[in-house]
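The values are calculated or read from the model by the stated rules, or taken from the named source; none is laboratory data. Predicted, not measured: the structure shown is a model, and the values here were computed from it. Note that each Cβ is placed from the backbone with ideal geometry, even for glycine, and that neighbours are counted across all protein chains shown.
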């Protein structure tokens with residue numbers, strides 16, 4: 001098994017590179033649609049269930065842990081959906097601000113903060129500490145607002161207001 005490890009690692013690296021190349025070669029409008037779909041799915045597929053679970057007197061921390069883990073997986077894919085040349089200057093329907101590309105390190109750090117906060121939320125849920133889960137939920141909400149100011153219509157640092 002160990003002698004196959006380098007080949008497996010190389011194969012995994014090639015898959016990651018191929019996904020980046022595939023996205024980079026996709027038409028900009030398609031990339032924008034993919035990222036809009038991914039971003040818009042975060043609330044209904046993951047965070048809404050977490051919010052609902054935490055509104056109960058006896059929160060279902062299993063739901064919080066599971067949905068947090070799934071959200072982290074989705075969030076890790078999202079940064080690949082912001083290749084250069086997929087901004088509003090090329091695709092007018094995009095709400096992504098130029099700062100995503102001109103301040104890329106800050107954008108990546110902001111996205112990482114959301115990933116880390118969501119992972120911490122899941123870890124807190126696994127610990128069974130409801131008060132810690134509620135505190136981490138607030139941190140995840142703050143991290144989400146790092147890119148945009150909140151509701152769908154809001155703008156923010158990295159997102160134009162909805163027109």
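Couple of notes before you dig in:
- Test set (1) assigned to a loop (DSSP other than H, G, I, E, B); (2) at pLDDT below 95; (3) surrounded by 13 or more Cβ atoms within 10 Å (Cβ to Cβ) - residue 93 fails condition number: (3)
- The residue that is surrounded by the fewest Cβ atoms within 10 Å (Cβ to Cβ), among those in region 19-35 that are modelled with pLDDT of 95 or more and under 9 Å from residue 83 (Cβ atoms), is 28.
- Checking residue 62 against (1) crowded, with 16+ Cβ neighbours inside 10 Å; (2) more than 18 Å from the chain's Cα centre (by Cα), the condition it does not meet: (1)
- Flag for residue 108 being in a helix (DSSP H, G or I) and free of Cβ contacts under 8 Å to residues at least 24 places away in the same chain: no
- Some residue of region 111-123 being surrounded by 15 or more Cβ atoms within 10 Å (Cβ to Cβ), assigned to a loop (DSSP other than H, G, I, E, B) and on the phi < 0 side of the Ramachandran plot: no
- Residue 78 fulfils the conditions (1) modelled with pLDDT under 95; (2) out of contact with any helix residue (DSSP H, G or I) (no Cβ under 7 Å at 6 or more places or on another chain); (3) part of a helix (DSSP H, G or I); (4) under 30 Å from residue 129 (Cα atoms) except for a single criterion, (2).
- Lone unmet requirement of (1) more than 21 Å from residue 155 (Cβ to Cβ); (2) under 16 Å from the mean Cα position of the chain (by Cα); (3) touching a residue at least 24 places away in the same chain (Cβ under 8 Å); (4) not in a loop (DSSP other than H, G, I, E, B) for residue 41: (1)
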